[in-house]
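The values are calculated or read from the model by the stated rules, or taken from the named source; none is laboratory data. Owing to the predicted nature of the structure, the values given are computational and were not obtained by experimental measurement. Positions of Cβ are backbone-derived with ideal geometry, glycine not excepted, and every protein chain shown enters the neighbour counts.
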Amino acid sequence: MKSEELKQLIQDIVKQSVELKDKHTWAKDAPVNYVCIFSKNEEHYNNLISAVEEMSYIKIVDNTKMGSIFLLNPIDTIAGKLKLLKIRKSDINRKELGDADFTIDEYFKFKKDYLNKKGWNLIKREDFEMMELKDADFNILCYFSNPTLEDLYNI
């Protein structure tokens with residue numbers, strides 16, 4: 001995979017995530033702040049990493065057990081400029097193409113409005129929590145984190 005193909009894949013993930021978000025929420029103007037691409041196998045993972053390296057990312061902001069998070073030179077998407085990208089190692093539980101995280105100004109109101117609806121799940125981590133949105137009609141996931149990963153990584 002070349003860097004231009006990776007940029008297109010990122011833009012496709014954001015576009016599909018926006019469609020999912022807009023179908024289920026009132027947060028129509030929420031900007032994207034993070035994208036994760038789910039690799040399908042080790043070869044796919046290595047190809048994605050090579051494409052990120054070809055893009056000349058700024059730095060790696062975190063190395064998680066499931067993959068690295070890269071600070072990118074901003075990429076234009078339909079939901080704003082994207083700076084954070086994770087390439088996730090292959091995981092049998094992640095059949096989707098990937099996910100996008102969106103910034104919600106009124107996170108607690110948003111959480112109250114949607115958490116108990118079909119397709120929503122709350123995931124708590126040590127430093128943050130995120131609301132996950134799934135819909136069987138989409139090969140993509142959406143997340144809404146508090147605080148955002150940009151805030152967690154001081155970006």
Any hit, the range 131-148, residues being closer than 25 Å to Tyr57 by Cα, at pLDDT below 95 and part of a loop (DSSP other than H, G, I, E, B): yes
Residues of the range 112-129 that turn out to be part of a helix (DSSP H, G or I) and crowded, with 16+ Cβ neighbours inside 10 Å, as a count: 1
Set Asp99, Asp76, Asp135: member being among the charged types (D, E, K, R) and either in contact with a Phe, Trp or Tyr (Cβ under 7 Å, 6 or more places away or on another chain) or more than 19 Å from Glu19 (Cα to Cα) (or both): Asp99
Filtered residue count, the range 25-64, keeping only those that are part of a strand (DSSP E or B) and surrounded by fewer than 19 Cβ atoms within 10 Å (Cβ to Cβ): 5
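Does Leu9 fit the bill of being surrounded by 14 or more Cβ atoms within 10 Å (Cβ to Cβ), out of contact with any strand residue (DSSP E or B) (no Cβ under 6 Å at 6 or more places or on another chain) and either part of a strand (DSSP E or B) or of a type in the set (A, V, I, L, M) (or both)?
yes
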Residue among Asp113, Asp62 that alone is charged (D, E, K, R) and closer than 23 Å to Asn154 by Cβ: Asp62
In the range 132-149, the residues that are touching a helix residue (DSSP H, G or I) at 6+ places or on another chain (Cβ under 7 Å) and under 8 Å from Asp101 (Cβ atoms): Cys142, Phe144
Meets criteria (within 19 Å of Asn93 (Cβ to Cβ) and of a type in the set (Gly, Ala, Ser)) for Ser3: no
Qualifying positions in the range 65-79 - touching a strand residue (DSSP E or B) at 6+ places or on another chain (Cβ under 7 Å), surrounded by fewer than 17 Cβ atoms within 10 Å (Cβ to Cβ) and assigned to a strand (DSSP E or B): Pro74
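Anything in the range 85-111 that is in a loop (DSSP other than H, G, I, E, B) and not acidic (Asp, Glu)? List them, or say none.
First pass over the range 85-111, keeping only residues in a loop (DSSP other than H, G, I, E, B): 89-97, 103-106.
Scanning the range 85-111 gives Lys89, Ser90, Ile92, Asn93, Arg94, Lys95, Leu97, Thr103, Ile104.
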Subset of the range 40-64 (residues that are farther than 15 Å from Leu6 by Cα, of a type in the set (S, T, N, Q) and in contact with a strand residue (DSSP E or B) (Cβ under 9 Å, 6 or more places away or on another chain)): Asn63, Thr64
